[in-house]
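Novice: One structure, as structure tokens, below. Some questions next.
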Amino acid sequence: QVQLVESGGGLVQPGGSLRLSCAVSGSGFSMYTMAWYRQAPGKQRESVASITSSGNTNYADSVKGRLTISRDNAKNTVYLEMNTLKPGDTAVYCCKASQLFNMFWGQGTQVTVSS
């Protein structure tokens, strides 16, 4: 069974930075497309960034230039580097692993951007 565990969330001031990590247990990590999603209170979940098994990345327009997704296949981990954070980035951030018809989600980590 594949399990995903996110970490790295917390409280940060506007303009600050955080790095989220998502550790994936089980085999086959290098073949998964990995993605970060977020859900703010009262809003629908939205895709933030994704990275394919070959390293191709895609970002939501709202985070381009501020957030960077990367993966370390040797560590079975995907990262989300978050810079120049804004209060609008406040949300629960979850990672997802997907391949063909299989999809796995983590529990999420809270990111709060506030002064």
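The values are calculated or read from the model by the stated rules, or taken from the named source; none is laboratory data. What you see is a predicted model, and the numbers here were worked out from it, not measured in a lab. For neighbour counting, all protein chains shown are included, and Cβ atoms are generated from backbone atoms with ideal geometry for every residue, glycine included. The protein model used for the area step is the full one, side chains on, heavy atoms only, and it has no ligands, DNA or RNA in it. Shrake-Rupley method; radii C 1.70, N 1.55, O 1.52, S 1.80 Å.
Novice: Quick one: accessible area per residue over the chain, 1.4 Å probe, rounded to a whole number of Å²?
Specialist: Using a 1.4 Å probe on heavy atoms only, each residue of the chain averages 54 Å².
Novice: What is the Cα convex hull volume of the range 9-63 when expressed per residue in Å³?
Specialist: Expressed per residue, the convex hull around the Cα atoms of the range 9-63 is 121 Å³.
Novice: Counting DSSP beta bridges with both partners in the range 7-115, what percentage is antiparallel, nearest 5?
Specialist: That works out to approximately 90 percent antiparallel.
Novice: Still on this structure, please answer the following. Just tell me which lysines come within less than 28 Å, Cα to Cα, of Lys86; anything on the same chain fewer than 8 places away is out.
Specialist: Hits, sequence-local ones excluded: Lys43, Lys64, Lys96.
Novice: May I pose another question? Could you order Leu18, Leu85 so the one with the most accessible surface comes first? Probe is 1.4 Å.
Specialist: If we order Leu18, Leu85 from most to least accessible, we get Leu18, Leu85.
Novice: Cα extents of the chain along the three principal axes, largest first, in whole Å?
Specialist: That works out to 41, 24, 23 Å along the principal axes.
Novice: Kindly point out, ordered by number, any Cys in the chain whose beta-carbon has no other cysteine beta-carbon under 4.7 Å away.
Specialist: Lacking a cysteine Cβ partner under 4.7 Å: Cys94.
Novice: Continuing with this model, one more query. Mean-square fluctuation check for the chain, GNM, Cα pairs under 10 Å: which of Ser30, Ser54, Ser98 is largest?
Specialist: Ser54
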